[in-house]
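Values quoted throughout were computed directly from the atomic coordinates according to the rules given, and no laboratory measurement underlies them. Not measured: the values here are computed from a predicted model. Backbone-built Cβ (ideal geometry, glycine too); neighbour counts: all protein chains shown.
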Amino acid sequence: MRTLERLAASGRKLILVTGRELDELLAVFPEIGMFDRVVAENGAVLYTPKTKAYRTLGEAPSRAFVSELLRRGVEPLHPYAAAKSASRANQPKTRTSSPTDSSGSLP
């Protein structure tokens, strides 16, 4: 962690990229605030710890697609991660609006 702190102090931006779901990551990694951006849920979510802004980067899979994967026994399967992000149901209390400005650009 000290190395990352020194890197941030040098003016560089820290970006964490993980396959973890954001809810889980927030629960197990209190140091998340040292990062400028977090790409989570296998690329489905962009999170800005400083502002707690949240943006879904992809569409949820169709119910038919998820049903077919389940029928074929594909495991582990977490289709709810993108689906809950898209629907904004079951989000952590820290999630707020998108970090993009009106032009769609990140700050």
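Okay, here's what the table says:
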item: Qualifying GluC sites (Glu not before Pro) in the stretch 1-68, DSSP loop, other Cβ atoms within 10 Å at most 16; result: Glu59
item: Loop sites in the stretch 24-53: trypsin sites (Lys or Arg not before Pro), DSSP, at most 14 other Cβ within 10 Å; result: Lys50
item: Distance histogram for the stretch 2-87 (every C-alpha pair counted, 5 angstrom bins, percent rounded to whole numbers); result: 3, 13, 22, 20, 15, 10, 7, 5, 3, 1, 0
